[in-house]
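Accompanying notes for the structure given below.
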Amino acid sequence: MSGPSTPAPSAPGPSSPGGLLRGRRILVVGAGTRPSDDPAAPVGNGRAIAVTAAREGARVACADRDEHAAVETAAIIAAEGAPRGVRVNVVAPGLIDTVMGRDASAGNRGRDHVAALIPMRRQGTAWEVADVAVFLLSDRASYVTGQVVRVDGGLSTLR
């Protein structure tokens, strides 16, 4: 497939704060950030979600957990918590430009090759992942629970 490359959003960083999550208490799983000497290093997914949620008025706690275990745990909590108004969803990022991703692919061109295969023809940013997470945490997603939302530029649609 060929076609024009879709550029990343022009202004890196979170959306403008708006109080979308004011008064909410949120646990962000996977908010650690790998250290980097690069002054222009991108922010990690979990960190971007935590920062964006806090800017939207939420009280945020952070933890780390294995992705597969998080999916299983979310399904159980969603089934048990839904009658009490508890919503649980998993955000599953694809190829996202983060320090961890850059470190994992250092010295090989595989990451660039995969990025070229993504239907959107680019890597995502942690801020794009954070915007999806904030939506799921907001009242705008009040009927969404027990879901895995892939933020991968369409990569998961390829078979």
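Taking amide H as placed 1.01 Å from N in the peptide plane, Val29 has its amide H under 5 Å from the amide H of Ala63, each at least 5 places away in sequence or on another chain. Among Leu117, Leu21, the ranking by other beta carbons within 10 Å of each residue's beta carbon, starting with the fewest, stands as Leu117, Leu21. Backbone amide hydrogens, once placed in the peptide plane, bring Gly146 within less than 5 Å of Val88, Asn89, excluding anything fewer than 5 places away on its chain.
Each of Ile76, Ile118 was scored by other Cβ atoms within 10 Å of its Cβ. Arranged with the fewest first, they read Ile76, Ile118. In a DSSP loop and with at most 12 other Cβ atoms within 10 Å, the chymotrypsin sites (Phe, Trp or Tyr not before Pro) in segment 123-159 are Tyr143. Residues whose amide H lies under 5 Å from that of Ala92, counting only those 5 or more places away or on a different chain, are Val149, Arg150, Val151; hydrogens are built 1.01 Å from N in the peptide plane. I want the local charge near Trp127. Using Cβ-Cβ distances under 14 Å, sum +1 for each Lys or Arg and -1 for each Asp or Glu among the other residues. Around Trp127, the charge tally is -1.
Read-outs: derived from the displayed coordinates by stated rules, not from any lab. Not measured: the values here are computed from a predicted model. Neighbour counts are summed over all protein chains in view; Cβ atoms, including those assigned to glycine, are modelled from backbone coordinates with ideal geometry.
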